[in-house]
Amino acid sequence: MICYAAGSVLGPALLTSVVHAGRRKAVCRCEVSNMDDDGVEHTVAVTQGIIMSSGR
């Protein structure tokens, strides 16, 4: 959920990916980058989390 929440605020500045997906859980990773005045991109934050369904 953190990737979705951050994406709703940061938009295209956020890179998200699914590292692994199974039947009931997914491991997600997101990166936030910033571009400096010279056009060089720098990663400024990284997060990873596991999302599980409740199986209901």
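Brief remarks follow.
- Fully extending the segment from ILE51 to GLU31, taken as 0.36 nm per residue of separation minus the present Cα-Cα distance, adds 5.5 nm.
- A Förster radius of 30 Å, combined with the Cβ-Cβ distance separating VAL9 from ASP38, puts the computed FRET efficiency at roughly 0.70.
Values in this text are rule-based calculations from the coordinates and carry no lab data. Since we're looking at a predicted model, the values are computed, not measured. FYI the Cβ positions are ideal-geometry reconstructions off the backbone, even for glycines, and counts take in every protein chain you see.
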